[in-house]
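Structure record follows, encoded as structure tokens.
The values are calculated or read from the model by the stated rules, or taken from the named source; none is laboratory data. Worth saying up front: this structure is predicted, and the values here are computed from it rather than measured. Here the Cβ is made from the backbone with ideal geometry for all residues, glycine too, and neighbour counts use every protein chain on show. Side chains are part of the model used for accessible areas, which takes the heavy atoms of the whole protein and leaves out ligands, DNA and RNA. Shrake-Rupley method; radii C 1.70, N 1.55, O 1.52, S 1.80 Å.
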Amino acid sequence: LLTLCRGGEVVQPYLVAKVVGPRGRTLQAGAAKALGSAFSEQTAEQVLGALREAGERGPGGQMVWWWVPPEARLKEKAGWGTAWCIGWLPDERPAYVVVVVVERTADASKAAEACARILNELDKMPV
């Protein structure tokens, strides 16, 4: 999804945005490293457009969620499935992408609720 949001550009992910010392000085900063293009910006916009149509707008961003029923996963206990949610914000040229997976659940909304909480917190942060 990050590649879609960046117009087809593949980047090497990083986990830490920055390390701040006790005096408030930035000691180390993480940065995405561009690895090239996976597909055209036009293709990325078409796929994101389809996700936007399937999803629901949240505060400043977008979410798409689905539930894989237990019949589709033979290992799952009867009545238990897997809930997925993908969210991003801002809606255009996202800075944040969140993916939540809740396994062995009978409640499809669990992933969407967690994703919405995370997106709400991220929406308060500067981009």
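Restricting to region 7-32, and then to whatever is within 22 Å of Glu92 (Cα to Cα), modelled with pLDDT of 80 or more and not small (Gly, Ala, Ser), can you tell me which residue is least open to solvent (accessible area, probe 1.4 Å)?
Selected residue: Val11.
Report yes if some residue within region 98-119 is of a type in the set (Val, Ile, Thr), surrounded by fewer than 19 Cβ atoms within 10 Å (Cβ to Cβ), in contact with a Cys (Cβ under 9 Å, 6 or more places away or on another chain) and at pLDDT 80 or above; otherwise report no.
There is at least one residue in region 98-119 that is of a type in the set (Val, Ile, Thr), surrounded by fewer than 19 Cβ atoms within 10 Å (Cβ to Cβ), in contact with a Cys (Cβ under 9 Å, 6 or more places away or on another chain) and at pLDDT 80 or above.
Could you check, for region 96-111, whether at least one of its residues is closer than 19 Å to Glu53 by Cβ and free of Cβ contacts under 8 Å to residues at least 40 places away in the same chain?
No, region 96-111 has no match at all.
Working only within region 33-61, note down all residues that are part of a strand (DSSP E or B) and at pLDDT 70 or above.
Across region 33-61, the qualifying residues are Lys33, Ala34, Leu35, Gly36, Ser37.
Cβ-Cβ under 8 Å, sequence separation 6+ or interchain: first residue in region 4-24 and under 17 Å from Val98 (Cβ atoms), partner among the small types (Gly, Ala, Ser) and surrounded by 16 or more Cβ atoms within 10 Å (Cβ to Cβ). Which pairs?
Leu4/Ala44; Cys5/Ala44; Arg6/Ala44
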